[in-house]
Amino acid sequence: MTKFKPDYLVHSFRTPSFDCRERFKELGNDVYFANVFSDDFCEHILGRVTDFERECKTDAPETANSMHWNAIPSKQLGIEPLVQSFVELFYREISHHFLPERLRIPIDTVHSYIVQYSNSSDRDLGFHVDDSLLTLNICLNDGFTGSELVFEGERCPIHVDTSSSPGEQITIEHKKGSMVVHPGKNRHYVNNISRGERYNLIIWCQSEIERNRWFDALKTGECLKFCGMNS
């Protein structure tokens with residue numbers, strides 16, 4: 001099984017002892033953006049998708065999440081070892097350079113899948129939060145317009161429907177090889193795609209500790225400091 005290889009990173013991320021603070025742009029609210037992956041990586045993953053679709057499996061595909069009707073779980077593509085080894089590299093060598101302490105909680109599980117946006121597939125995605133401590137959103141291709149990723153600010157389950165401030169609203173245009181890193185509880189949605197198709201690898205880094213901390217914060221009212229609200 002293929003694991004993550006150094007040449008799957010762009011050259012600036014292969015330099016020993018590099019400082020990722022110079023590579024990632026913080027867009028606000030602990031949302032970060034950087035060009036991370038080489039064309040070889042993107043083409044490898046897309047090749048797995050093409051092979052999977054060509055096989056025309058008779059079995060119904062497994063459900064990757066509750067919002068995408070055609071998302072493909074990584075294990076159906078045979079790329080789980082690659083994803084897991086990248087997550088390990090990310091936490092070991094990259095995340096400590098720029099992520100806040102609260103996003104460096106140990107990870108228990110990783111859930112990942114491929115999403116496609118096009119006129120014949122999912123055209124957009126509604127307002128939601130992820131079931132993750134941290135989400136890594138990797139764009140695998142170019143040649144599309146629209147389908148921007150829009151953030152509305154981090155909220156707990158109680159305050160998820162509250163309004164956002166202008167400073168919390170972030171719009172990101174995906175680029176091939178780029179990765180968006182964000183807290184799973186930062187509310188977001190995807191605009192309608194207007195031309196072409198977009199493929200992304202979504203990685204949810206999940207933590208039982210994080211779930212318990214949110215629960216405790218709800219009981220004590222500490223959630224308000226993450227929700228952009230005054231106590």
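The values are calculated or read from the model by the stated rules, or taken from the named source; none is laboratory data. Just so it is clear, the structure is predicted and the values come from calculations on it, not from any experiment. Cβ placement follows ideal geometry from the backbone for every residue including glycine, while neighbour counts extend to all protein chains displayed.
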Next on the checklist: in contact (Cβ under 8 Å) with a residue 24 or more places away in the chain, over 23 Å from residue 41 (Cβ atoms) and not charged (D, E, K, R): which single residue out of 150, 181 fits that description?
Outcome noted: 150
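Please return the ranges of helices (runs of 4 or more DSSP H) entirely within segment 24-139 where 3 or more residues are under 17 Å from the mean Cα position of the chain (by Cα). First the steps, then the outcome.
Numbers: elements: 39-55, 74-77, 80-89.
Filter on segment 24-139 gives 39-55, 80-89.
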Next on the checklist: Yes or no: segment 146-162 includes at least one residue that is farther than 24 Å from residue 100 by Cβ, surrounded by 16 or more Cβ atoms within 10 Å (Cβ to Cβ) and out of contact with any Asp or Glu (no Cβ under 8 Å at 6 or more places or on another chain).
Outcome noted: yes
Next on the checklist: Can you tell me which condition residue 175 does not meet? The list is (1) assigned to a strand (DSSP E or B); (2) of a type in the set (D, E, K, R); (3) under 21 Å from residue 23 (Cβ atoms), and all the others hold.
Outcome noted: (1)
Checklist outcome for this item: Taking first residues from segment 49-62 that are within 17 Å of residue 199 (Cβ to Cβ) and at pLDDT 85 or above and second residues anywhere that are aromatic (Phe, Trp, Tyr) and surrounded by 10 or more Cβ atoms within 10 Å (Cβ to Cβ), the pairs with Cβ under 7 Å that are 6 or more apart or on different chains are 49/199
Checklist entry - When you go through (1) surrounded by fewer than 17 Cβ atoms within 10 Å (Cβ to Cβ); (2) closer than 21 Å to residue 131 by Cβ; (3) within 17 Å of the chain's Cα centre (by Cα); (4) β-branched (Val, Ile, Thr) one by one for residue 171, which number turns out not to apply? => result (2)
Checklist entry - Which residues, taken from segment 144-169, are in a loop (DSSP other than H, G, I, E, B) and within 21 Å of residue 210 (Cα to Cα)? => result 155, 156, 157, 158, 159, 160, 161
Checklist entry - Any residue in segment 211-219 that is touching a helix residue (DSSP H, G or I) at 6+ places or on another chain (Cβ under 9 Å), of a type outside the set (Phe, Trp, Tyr) and closer than 28 Å to residue 46 by Cα? => result no
Checklist entry - Looking at segment 98-124, which of its residues are buried (at least 18 other Cβ atoms within 10 Å of the Cβ), farther than 22 Å from residue 48 by Cβ and of a type outside the set (Val, Ile, Thr)? => result 98, 99, 103
Checklist outcome for this item: Scanning segment 140-153 for residues that are under 27 Å from residue 90 (Cα atoms) and of a type outside the set (D, E, K, R), the one nearest to the chain's Cα centre (by Cα) turns out to be 149
